[in-house]
Amino acid sequence: MRIFLTSLSAVVLSVLLIPASAQTPSPKNPVRSLRFYYAGASFSNEDDVNPRAVFLLKNGKENVSVQLTANAFSRPLDYTGPLPIELFREQRTEAGVKREPLGELKCPDSWKGVLFIVTRNPANAVLPFRFYPIEDWAPSLPDEHVRIMNLCPYPLAAKTGTSPVAIAAQSTVDVTLSVGSDIALGLAVQRGGRWERILSTSILRPDQNKLQLLVFPNSDGAIRVVVIKDLPEPPPEATSGKLPRT
């Protein structure tokens, strides 16, 4: 399990990934839950603070248009294509449709749910973004726990109950949730020889009874925290629909 980059801000959820129609996956390409989080940031000498993140990917036999909004999640997509995931653009010319490759997205083949953290990369003129994969799957996280993924080059201290828990730089720890309907969450980062509080809040206990927190540095040096609720889960087991014998 892992993470990525950004200043403390409210967590926003938005739906901007256009889903493909249902596919019948082959054993070679099983169904995966796929979604994105675009961590928006500003860069000096740029008029467009959060440039558009728009591209296509092939899902099974269909091309899917992805349009991401800054500081928001896309809707999960049931992805049935191969790995790595190919990103591309299409342009219509007099000769027909021309495909422009933009890059590939990689993740472990064993993951059933993947969240890609999307951040700016001005050095890439073709697709000016970086994509960092995180496992995004409810069964991978124990019940009554919060998974804190520290991508910072600094240690963290986390508190969800009475005792703080240390989280080393570039590491992940599962912490037991506090009791009650509201979950108290506190985070502090150690840098420059002192501790700085970066989060102190209370979150209504989610129905899943589990959370993920991504902690990473923004381009301006501030620390960003992204709270992930509603992790994708396996579909319910199908029933036969037959009446019991009498």
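Sorting Cys152, Cys107 by accessible area puts them as Cys107, Cys152; the probe is 1.4 Å, largest comes first, and only protein heavy atoms count.
Note on Arg52 and Asp109: with the Förster distance fixed at 41 Å, the Cβ-Cβ geometry gives a FRET efficiency of about 0.85. Heavy-atom surface analysis with a 1.4 Å probe gives region 138-232 a carbon and sulfur content of 51 percent of its accessible area.
The accessible area of Arg89, taken with all protein chains in place and a 1.4 Å probe, comes to roughly 80 Å².
On the basis of the beta-carbon distance and an R0 of 25 Å, Glu144 and Ser202 show a calculated FRET efficiency of 0.90. Cα to Cα, under 26 Å, and not fewer than 8 places away if on the same chain: which lysines meet these conditions relative to Lys98? By straight Cα distance, Lys98 reaches Lys58, Lys61, Lys106.
Rounded to the nearest 10 square angstrom, Leu102 shows an accessible area of 20 square angstrom against a 1.4 Å probe.
Of the residues Lys58, Lys210, Lys112, the one with the largest accessible area comes first in the ranking Lys112, Lys58, Lys210, computed with a 1.4 Å probe on protein heavy atoms. The GluC sites (Glu not before Pro) found in region 52-116 that occupy coil by DSSP, while having at most 16 further C-beta atoms within 10 Å, are Glu94. For the pair Arg99 and Ala168, label points projected 7 Å from Cα toward Cβ lie 4.3 nm apart.
Within region 138-232, the proportion of Cα pairs with more than 17 Å between them is 46 percent.
Counting 0.36 nm for each residue step from Ala123 to Asp182 and taking away their Cα separation leaves a gain of 17.0 nm.
Take every DSSP beta bridge whose two residues both sit in region 138-232, then give the antiparallel share in percent to the nearest 5. Looking only at bridges with both residues in region 138-232, the antiparallel portion is about 85 percent.
Computed over protein heavy atoms with a 1.4 Å probe, the accessible surface of region 122-236 works out to 48 Å² per residue.
In the context of the full protein assembly, Val49 retains an accessible surface of approximately 70 Å², using a probe radius of 1.4 Å and ignoring ligands and nucleic acids. Near Lys159, which lysines are there with a Cα under 26 Å away, not counting those fewer than 8 places off in the same chain? Candidates past the 8-residue exclusion: Lys210, Lys229. Label point of Arg194 set 7 angstrom out along Cα-Cβ; within region 148-164, amide nitrogens under 19 Å from it belong to 154-157.
The values are calculated or read from the model by the stated rules, or taken from the named source; none is laboratory data. Here the structure is a predicted model, which is why all the values come from computation and not from measurement. No Cβ is skipped: glycine too gets one built from the backbone with ideal geometry, and neighbour counts run over all protein chains shown. What goes into the accessible areas is simple: the full protein's heavy atoms, side chains included, and nothing from ligands, DNA or RNA. Shrake-Rupley method; radii C 1.70, N 1.55, O 1.52, S 1.80 Å.
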